[in-house]
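Worksheet for the structure shown next.
Derivation of every value follows stated rules applied to the coordinates shown; laboratory data play no part. Remember, predicted model here, so these are calculated numbers, not experimental data. Here the Cβ is made from the backbone with ideal geometry for all residues, glycine too, and neighbour counts use every protein chain on show.
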Amino acid sequence: MSGEFDGQVAVITGGAGGMGAEVAARLLAEGARVFCVDLAQPKVDGAVGVPCDISDPSAVCQAGEYVLEQAGRVDHLVNAAGLVSTTRPVEAISDEEWKRLLGVNLDGAFYWTRAVIPAMKEQGRGKIVNVSSRAGRTLGNFAGAHYAAAKAAILGLTRQVALEAAPHGVYVNAIAPGLVRTPMLSGSVADERVEEFRLATPLRRIGTPSDIADLVLFLLSPKSDFITGATVDINGGDLIL
Ligand SMILES: NC(=O)c1ccc[n+]([C@@H]2O[C@H](COP(=O)([O-])OP(=O)(O)OC[C@H]3O[C@@H](n4cnc5c(N)ncnc54)[C@H](O)[C@@H]3O)[C@@H](O)[C@H]2O)c1
């Protein structure tokens with residue numbers, strides 16, 4: 001059976017996480033070869049695990065070379081690795097915590113973009129999806145200023161790289177999810193607060209990794225070939241109000 005992503009190569013940072021694993025599973029099911037970059041082992045059968053701390057530029061360089069040696073090309077990059085913190089107010093954030101949050105949520109996406117974009121340009125085609133957050137579009141419901149700042153910066157990175165890469169057939173878009181049921185959410189927000197938030201959301205539900213994977217696969221597919229530099233909100237209508 002042929003799949004929509006047959007013979008294509010995808011790199012997913014945070015590929016062992018809630019959203020990353022779902023995107024990995026969908027891409028594998030559609031015929032892609034999938035490299036899951038994470039501190040943790042991939043959970044999806046058939047995905048190649050690439051252990052790497054994405055906040056370390058030399059580790060990303062090495063891991064990028066490894067993927068290119070193994071696969072010879074990279075068609076898709078999904079920057080889904082992330083780290084949240086609810087430290088508030090801003091004066092409670094230490095230098096270390098600020099650097100760690102920016103290192104994972106922003107620098108990691110930059111390092112991976114820089115590592116794979118030359119191959120994409122040479123191929124004349126590539127698709128990058130950066131996972132931002134509602135926190136980067138307006139405000140974090142629960143997260144601190146460091147997380148919001150990193151997720152807002154990702155949107156600038158997305159637009160600028162999209163402009164530079166467009167003539168080479170390389171597309172760069174961002175998604176801005178509201179709350180999504182993943183280990184990140186259960187590890188950072190109490191169930192009662194999530195329930196309050198659900199009731200205040202126009203569609204009266206919390207997102208799922210499957211909602212996110214549907215959008216990411218659309219943005220990686222040729223169906224989105226007139227979309228670049230965009231940020232797509234996916235939040236149950238949270239920003240209507
Ligand atoms: N879950 C939500 O409600 C929500 C909402 C908006 C945006 N997001 C964003 O979505 C993305 C995916 O989050 P998720 O909910 O699947 O979280 P998750 O915690 O399930 O997955 C995140 C993954 O990133 C990996 N990771 C963390 N630090 C890393 C590092 N230094 N190097 C490599 N890998 C690292 C973790 O090991 C984990 O597997 C993140 O960027 C997150 O900020 C999440």
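Could you quote the convex hull projected area for segment 10-68, Cα atoms only and averaged over all directions, in nm²?
So the Cα hull casts an average projection of 3.5 nm².
Mind checking the angle between helix 209-220 and the chain's longest principal axis? C-alpha axes, 0 to 90 degrees, to the nearest 10.
The angle comes out near 40 degrees.
With a cut-off of 13 Å, note down the residues of segment 1-21 whose backbone N falls inside the zone around a label point 7 Å from the Cα of Glu122 toward its beta carbon.
In segment 1-21, the label zone of Glu122 (backbone N under 13 Å from the point 7 Å along Cα→Cβ) covers no residue.
Quick one: helix 18-29 against the long Cα principal axis of the chain, what's the angle to the nearest 10°, folded into 0 to 90?
Approximately 30 degrees, to the nearest 10.
If all Cα-Cα distances of segment 57-197 are sorted into 10 Å bins from 0 onward, what percent lands in each bin, rounded to whole numbers?
The percentages, shortest bin first, are 12, 38, 31, 16, 4.
Can you pull the percent of Cα pairs in segment 36-111 with separation above 19 Å?
Tail fraction, whole percent: 43.
Could you work out the relative contact order of the chain, using alpha carbon pairs under 8 angstrom and six or more residues apart, expressed as a whole percent?
Working: 482 pairs, mean separation 46.2, N = 241.
19 percent.
Order of Phe5, Phe226 from fewest to most other C-beta atoms within 10 Å?
Phe226, Phe5
Would you mind putting 178-186, 86-94 in packing order, based on average other-beta-carbon counts within 10 Å, highest first?
The peptides rank, most packed first, as 178-186, 86-94.
For Ala40 and Arg159 in the same chain, what is the full-extension length gain: residue separation times 0.36 nm, less their Cα-Cα distance, in nm?
So the extension gain works out to 39.9 nm.
Just to confirm a number: summing +1 for Lys and Arg and -1 for Asp and Glu over residues other than Arg198 whose beta-carbon lies under 11 angstrom from that of Arg198, what do you get?
Once positives and negatives cancel, what remains is -1.
Compute the signed sum of charges (Lys and Arg +1, Asp and Glu -1) over the other residues within less than 14 Å, Cβ to Cβ, of Val170.
Values: positive: Arg73, Arg114, Lys121, Arg125, Lys127, Arg159; negative: Asp75, Glu122, Glu164, Asp225.
Around Val170, the charge tally is +2.
Net charge around Val74, counting only other residues with Cβ within less than 15 Å of its Cβ (Lys, Arg = +1; Asp, Glu = -1)?
So the surrounding residues net to +2.
Given the Cα-Cα distance of Glu196 and Arg181 and 0.36 nm per residue of separation, how much length would full extension add, in nm?
Contour length minus Cα-Cα distance gives 4.0 nm.
Among Ala24, Leu179, Ala63, which residue has its Cα positioned farthest towards the positive end of the charge dipole of the chain, with +1 placed on the Cβ of Lys and Arg, -1 on the Cβ of Asp and Glu, and the dipole taken about the Cα centre?
Leu179
Output the antiparallel fraction of DSSP beta bridges having both residues in the chain, as a percent to the nearest 5.
Here the antiparallel bridges make up roughly 0 percent for the chain.
Take the eigenvalues of the Cα gyration tensor for the chain, scale each by 5, and report the square roots as semi-axes in whole Å, largest first.
Square roots of five times the eigenvalues give 27, 20, 17 Å.
What number, rounded to the nearest 500 deg cm²/dmol, is the helix-based mean residue ellipticity at 222 nm of the chain, given -39500 (n - 2.57) per DSSP H run of at least four residues and division by all its residues?
Roughly -13500 deg cm²/dmol at 222 nm, from the helical runs in the chain.
Can you give me the distance in nm between label points at Arg205 and Glu4, each placed 7 Å from the Cα along the Cα-to-Cβ direction?
1.9 nm
Contact order normalised by length for segment 30-140, with contacts defined as Cα pairs under 8 Å and 6 or more residues apart; what percent is it?
28 percent
Show me, for segment 154-168, the HN-Hα J-couplings you get by feeding each phi into the Karplus relation (A = 6.51, B = -1.76, C = 1.60, θ = phi - 60°), rounded to Hz, glycine and proline as x.
So the J values, rounded to whole Hz, are 4, 6, x, 4, 4, 5, 5, 5, 4, 5, 5, 8, 4, x, 9.
Could you calculate the FRET efficiency of Thr138 with Gln62 from 1/(1 + (r/R0)^6), where r is the beta carbon distance between them and R0 is 35 Å, rounded to 0.05? Mind showing how you got there, number by number?
Working: r = 37 Å, r/R0 = 1.05.
After rounding, the FRET efficiency stands at 0.40.
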